[in-house]
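Novice: Sharing a structure with you now.
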Amino acid sequence: MEKKFQLGDVVVMIADGPKMAIEGYALNDDNTESDEYVSVVFYTGDSFKRDTFHQDLLLFIDEVEGA
């Protein structure tokens, strides 16, 4: 699968989630970079959280705000 995000890209979840910043692609068990899962950072209103999502669940913020 083709990687579509880079460090610092601002994205949102397809289901109208918070704005998230891409940290990079997640690591596989063998410490190689995943081609599909990205690590993100987002603010929940009281703290910052980190999580990992499949890249197909995320959209560039420009795609959403321009629609």
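The values are calculated or read from the model by the stated rules, or taken from the named source; none is laboratory data. Since we're looking at a predicted model, the values are computed, not measured. Backbone-built Cβ (ideal geometry, glycine too); neighbour counts: all protein chains shown. Quick note on the areas: whole protein, heavy atoms, side chains included, nothing else; ligands and nucleic acids left out. Shrake-Rupley method; radii C 1.70, N 1.55, O 1.52, S 1.80 Å.
Novice: Being of a type in the set (Phe, Trp, Tyr), surrounded by fewer than 16 Cβ atoms within 10 Å (Cβ to Cβ) and within 13 Å of LYS4 (Cβ to Cβ) is the filter here, so list the residues in the stretch 38-61 that pass it.
Specialist: PHE60
Novice: Can you find a residue that is at pLDDT 95 or above and in contact with a helix residue (DSSP H, G or I) (Cβ under 8 Å, 6 or more places away or on another chain) anywhere in the stretch 37-48?
Specialist: Within the stretch 37-48, one or more residues are at pLDDT 95 or above and in contact with a helix residue (DSSP H, G or I) (Cβ under 8 Å, 6 or more places away or on another chain).
Novice: Just name the residue that is nearest to MET1 (Cα to Cα) out of those in the stretch 13-27 that are open to solvent by 70 Å² or more (accessible area, probe 1.4 Å) and part of a loop (DSSP other than H, G, I, E, B).
Specialist: Only one residue tops the list, namely ILE14.
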